[in-house]
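This report refers to the structure that appears directly beneath it.
The values are calculated or read from the model by the stated rules, or taken from the named source; none is laboratory data. Given the structure is predicted, the values throughout are model-derived calculations rather than measurements. Quick reminder, even Gly has a Cβ in these numbers, built from the backbone with ideal geometry, and neighbours come from all protein chains shown. Protein only, heavy atoms only, side chains kept; ligands, DNA and RNA dropped before computing areas. Shrake-Rupley method; radii C 1.70, N 1.55, O 1.52, S 1.80 Å.
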Amino acid sequence: MTTTPIPPATPVPPSTPATDDFARTTRKLRFTALGGFGALLVLFVLTVVLVLGDAVDGDGAAGGFTEAAFWTFRVAVVAGLVALVTPRDRMATRPRRALVVAQYGLGAVGVALQLMD
């Protein structure tokens, strides 16, 4: 009696991990950076309202924290622009993601600096 050999089992490839939801592709990351400009606008208007409220209710003079708050918005805009316009082959996703996080973070820091004034 002849037996037929059993073919070896084909290995099952490992399952691919789920993709990261936070801006894996360049397009999503650029839309996130573009949305950061809207968030910066809202936070900037809030900072201006706080400055005007401090001018009316406070001593009437802007302190050093007010100037620092406005500088953080300038740096946040630059970080957002670099993340938005840098070509895909010039910068990897991780540094670009760090710039977008810095854009949002600096906007929040600007408001916090004005609140300390």
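Take the Cβ atoms of R88 and L41, set R0 to 30 Å, and the FRET efficiency comes out at 0.70. For L115, the shell of other residues with beta-carbons less than 14 Å away shows a net charge of -3, using +1 for Lys and Arg and -1 for Asp and Glu. For the range 70-117, the carbon plus sulfur part of the accessible surface works out to 70%, probe radius 1.4 Å. Placing +1 on the Cβ of every Lys and Arg and -1 on the Cβ of every Asp and Glu, with nothing else charged, gives the range 31-117 a dipole about its Cα centre of roughly 780 debye. For the range 46-117, the Cα-based Rg and Dmax, in that order, read 15.2, 51 Å.
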